[in-house]
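Below: one structure, written as structure tokens.
The values are calculated or read from the model by the stated rules, or taken from the named source; none is laboratory data. In this text, all values refer to a predicted model and were calculated from it rather than measured experimentally. With ideal geometry, Cβ positions are generated from the backbone for all residues, glycine too; neighbour counts draw on all protein chains shown. Ligands, DNA and RNA are excluded from the accessible area calculation, which covers all protein heavy atoms including side chains. Shrake-Rupley method; radii C 1.70, N 1.55, O 1.52, S 1.80 Å.
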Amino acid sequence: MLKYLLMLAAAAAGGAADAQVYKCKGPDGKVQFSDTLCKSANASKVVPDRMPVTRQQQYEAQQRVRQMQDEAATLDQQPAAALNAAPEASRSSARQSEPQLTSPTPAANNEAADAERIRICIRDVERQAGSQKLKAEMITACRTAGSVQRVTGTSESAVSDCVKNVERTGAAGKVKARQIAICHGGDVPPEPLPPPRPRPAAITWCDRGGCWDNVGNRYNSGGGGTMFRNDGKACQKIGDMLLCN
């Protein structure tokens with residue numbers, strides 16, 4: 001269409017009042033304008049106005065031609081500008097499609113730190129002497145080490161100093177394992193109390209074969225101060241008392 005308008009304007013500017021413009025349909029079906037006859041028979045002729053062209057009309061046509069030429073030049077530059085903008089648009093689209101790396105959340109950081117504290121607690125417990133049963137109990141207790149240290153604000157240096165102080169003692173391995181788990185904040189159950197020592201029984205009377213205590217138990221003599229209670233337990237006669245293991 002722009003080419004057609006330019007041809008009309010040029011015809012008016014040149015004073016060719018009888019110039020002819022032909023509208024043709026190309027092999028691809030697109031409409032084309034030409035100042036020569038169409039090659040195919042299927043063509044329609046556009047006939048310009050045959051009125052005389054005045055000087056004012058020629059001047060206006062010339063101005064219009066210049067304006068249309070400027071517009072055509074601008075249109076020709078637009079594809080180049082679009083091509084220059086395409087790489088930047090592609091880069092922007094690529095940046096948007098790239099997976100965005102997000103910083104770990106505070107909860108994830110806490111979980112990682114807690115897991116590391118638990119690992120150190122288990123390591124310190126396992127290198128102590130003691131039964132496997134006791135170590136298993138202390139390793140279970142270490143599961144709370146991470147959260148306890150985080151909530152109480154216990155520093156790593158404080159935990160390390162506590163562990164070193166326990167290891168310097170001459171306590172038994174099982175005692176050290178318990179104390180070290182506590183240093184890390186492990187939920188260590190209280191140590192079971194030893195069974196109470198048996199109370200000595202008071203001798204009420206004796207015969208040649210043995211003695212009787214104040215609750216009716218019979219103790220048979222075994223020689224050397226040892227007597228055997230009627231349930232088979234060995235007891236020691238100390239004065240008027242009988243102490244059984």
### Task
Any chance you could list the semi-axes, whole Å, largest first, of the equivalent ellipsoid that the Cα gyration tensor gives for region 94-245, using √(5λ)?
61, 15, 12
### Task
Find how much the distance from Cys38 to Arg55 grows on full extension, using 0.36 nm per residue of separation minus their present alpha carbon separation; answer in nm with one decimal.
2.9 nm
### Summary
Env charge @ Asp231, Cβ radius under 14 Å, K,R +1 / D,E -1, value +2
#### Entry: Extension gain (nm, one decimal) between Asn110 and Ala158, 0.36 nm per residue minus Cα-Cα
15.4 nm
### Query
Excluding ligands and nucleic acids, what accessible area in Å² is computed for Thr152 using a 1.4 Å probe, to the nearest 10?
90 Å²
### Message
Longer than 25 Å from Cα to Cα, which of Lys133/Lys176; Lys135/Lys233; Lys135/Lys164 are they? Say none if no pair is.
### Response
Lys135/Lys233
